[in-house]
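Everything on this sheet refers to the single structure shown next.
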Amino acid sequence: MTAATDEQVLLRTEGRAAYIVLNRPKALNALTHAMVRRIETALDAWETDPAVETVVLTGAGERGLCAGGDIRAIHDDARAGLDGTDTARAATAGSATADFWRDEYRLNARIARYRKPYVAVMDGIVMGGGVGVSAHGSVRVVTERSRIAMPETGIGFVPDVGGTYLLSLAPGELGTHLALSGQQVGARDALLCGLADHFVPSELLPRLVADLAADPVRDVLARYVAEAPPGVLAEQREWIDACYAAGSVEEIVDRLEGHGAQAAKEAAETLHAKSPTALKVTLTSLRRARQLGPLERVLTQEYRVSCAALASADLVEGIRAQVVDKDRNPRWTPATLADVTDDDVARYFAPLGARELALATDHFTQEVPW
């Protein structure tokens, strides 16, 4: 690892705990490939270290744990395949991103099966890849500042890092709503959707994190866990479940537009702004995830979808509009839901042959002893 990477992921042990701090606050702690590898190496070492009983993940700065992957780098990598002016670069377009996702998804699975308590402090913004390194943990803490989302459809992409697995397990159609709309949720709604386990007021986080060096997780949580402030999704379940249970994105939008709730109409407007292809692929991904079984199988599906997205004009265009040029006016291809065919969607799920992620699913399952 380079010195720069060492600075971007700070590692230390203290007492019975090991600490990971994502340390790119100016980039909202966005993940790079080198950061993912450094985290995985640390987890490997700590899992067999008898002095380490708990692993704690936090993010540097005041804004949040992690905003996701470095999508500017993904944009540049994917764009090379769509720009025919540089044939040498186009030949390897997307390979760096595909390699990054391969290791990132393996890390997500590693966290989910970790044999020691993995405490993720999901304070502030937690999106995309940030969800992947936190919401698969065994102890997930949110605060009144938490803003959790899988906003991928807004950049022509599809929820990944195990996001379709997590959202497919949410009650009713809440996960479908969050996946398609990219809506941010606070602490209470994250708890309702199964994306978090405990609420702790943000002002108490420094003490909670410090106490984990001295005491077992269960004892520390008992000191600080409180009642989360009210959310919004519980009261919206009626229209969410009724509208998002439809069999297609077109019908979902029709139901939202025809429902009497103002929030449903606003959700329809939100979907109209998203990539039509990404919406259809996301809905298919979620419905298939419900039948696939363990996380590893869903991650394998997500890897197929993500790699296919690298060849999609919508991914490059979405990142351009939202992050690079920031004109917030993406020009999607195809431009409407009606123009996205079943064959267009099926292409995202085609097997990758020798490039499959193919994570093992025969892990020994045990209760984390905390």
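The values are calculated or read from the model by the stated rules, or taken from the named source; none is laboratory data. In this text the structure is predicted, and so the values were computed from the model without any measurement. Virtual Cβ from ideal backbone geometry, glycine too; neighbours counted across all protein chains shown.
Structure data summary
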item	result
Matching residues in segment 141-173 - criterion: being crowded, with 24+ Cβ neighbours inside 10 Å, farther than 23 Å from His33 by Cα and either in contact with a strand residue (DSSP E or B) (Cβ under 6 Å, 6 or more places away or on another chain) or of a type in the set (Ser, Thr, Tyr) (or both)	Val141, Val142, Ser146
Criterion violated by Ala3 - all others in (1) at pLDDT 95 or above; (2) out of contact with any helix residue (DSSP H, G or I) (no Cβ under 8 Å at 6 or more places or on another chain); (3) hydrophobic (A, V, I, L, M, F, W, C) satisfied	(1)
Members of segment 196-208 that are in a helix (DSSP H, G or I) and buried (at least 19 other Cβ atoms within 10 Å of the Cβ)	Leu208
Of the criteria (1) surrounded by 17 or more Cβ atoms within 10 Å (Cβ to Cβ); (2) under 22 Å from Ala338 (Cβ atoms); (3) within 18 Å of the chain's Cα centre (by Cα), which one Arg287 fails	(1)
Unique residue being over 20 Å from Leu221 (Cα atoms) and of a type in the set (Val, Ile, Thr) when the list is Thr143, Thr176	Thr176
Subset of segment 214-270 (residues that are within 28 Å of Phe199 (Cα to Cα), exposed (fewer than 15 other Cβ atoms within 10 Å of the Cβ), in contact (Cβ under 8 Å) with a residue 60 or more places away in the chain and touching a helix residue (DSSP H, G or I) at 6+ places or on another chain (Cβ under 9 Å))	Ala214, Pro229
Within segment 130-172, considering residues that are among the hydroxyl-bearing types (Ser, Thr, Tyr) and in contact with a Ser or Thr (Cβ under 8 Å, 6 or more places away or on another chain), the one nearest to Val225 (Cα to Cα)	Thr143
Meets criteria (farther than 14 Å from Leu310 by Cα and modelled with pLDDT under 95) for Thr143	no
Qualifying positions in segment 301-356 - under 24 Å from Glu250 (Cα atoms), surrounded by fewer than 13 Cβ atoms within 10 Å (Cβ to Cβ) and without any contact (Cβ under 8 Å) to a residue 40 or more places away in the chain	Arg328, Asn329, Arg331, Thr341, Asp342, Asp343, Ala346
